[in-house]
Amino acid sequence: MTMPAETQDIDRAIASFRAGVAAASGEALTPRGWSAEDWRELFRFTDLRRIGAADVLIRRGDPDCTLYFVLHGSLEVVIHSGDGISMGPLTRVGAGSVLGEQSFFDGNPRSASVWAVVDSEVAAMTPQQYADFTTARPELARELLFALGRILAVRLRRTTAKVMG
């Protein structure tokens, strides 16, 4: 018996994301105690997107609030200087990481741009998809929020350390 393509895609996304979490340090999404079925539930409420090398995933200033789970590839976060013209790389992320969490939480325009260094794939979750996930699985949605909060805290501490010298 073969599985439907959608199930195969979700299972592949889960495997890729979890492998990235295992390899990543600090900024990986790690909801506590999630089973393979819990991950399957999360990714049921996302859309898989492929991003070609050099393509932009997020543009600074855009009003979009989608949260992205990096499944595979490498993406670079780029910040803009005070003059609004100059850009510089802030960090690179790979499988197991998330992007777009600030706008997802505060609803404000994007603060940085993100482009694919190599062909990449993400799972995209809109605020409406998160609301649907919350209705379907409130306990998992709560744990996801705490895991995202831990990532934000790690990123804020790293930024504070850079500023403090």
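For the reader, a short list of remarks on this structure follows.
- Estimated FRET transfer efficiency (Arg12, Lys162; beta-carbon r; R0 35 Å; 0.05): 0.45
- Lys/Arg +1, Asp/Glu -1 at C-beta; the stretch 18-165 dipole; positive extreme among Leu140, Val77, Val154: Val154
- Applying the Kirkwood pairwise sum to the alpha-carbon positions of the chain produces a hydrodynamic radius of 16.4 angstrom.
- Note on Ala23 and Glu37: the extension gain reaches 3.0 nm, defined as 0.36 nm multiplied by sequence separation minus the Cα-Cα distance.
- Potential lengthening between Asp132 and Leu90 on full extension [0.36 nm per residue; Cα-Cα distance subtracted]: 11.9 nm
- Pairs of Cα atoms nearer than 8 Å and 6+ residues apart set the relative contact order; for the chain it is 30 percent.
- Accessible area per residue for the stretch 17-165, computed on protein heavy atoms with a 1.4 Å probe, is 52 Å².
- Cα-based helix-to-principal-axis angle, 138-164 vs the chain, degrees rounded to 10: 20 degrees
- In a DSSP loop and with at most 14 other Cβ atoms within 10 Å, the trypsin sites (Lys or Arg not before Pro) in the stretch 59-126 are Arg59.
- Nearest 10 degrees, 0 to 90: helix 127-136 Cα axis against the chain principal axis: 30 degrees
- Residues whose placed amide H lies under 5 Å from that of Arg110, excluding near-sequence neighbours: Gly61, Asp62, Asp64
- Inter-label distance, Ala53 to Glu139: 4.5 nm, where each label sits 7 Å from its Cα along the C-beta direction.
- Heavy-atom accessible surface of the chain: percent carbon and sulfur, 1.4 Å: 56 percent
- Cβ-based net charge around Gly94, under 12 Å, with every Lys or Arg adding one and every Asp or Glu removing one: -2
The values are calculated or read from the model by the stated rules, or taken from the named source; none is laboratory data. As the structure is a computational prediction, the values presented were derived from the model and not from experiment. Here the Cβ is made from the backbone with ideal geometry for all residues, glycine too, and neighbour counts use every protein chain on show. Heads up: the accessible areas ignore ligands, DNA and RNA and are worked out on the full protein's heavy atoms, side chains in. Shrake-Rupley method; radii C 1.70, N 1.55, O 1.52, S 1.80 Å.
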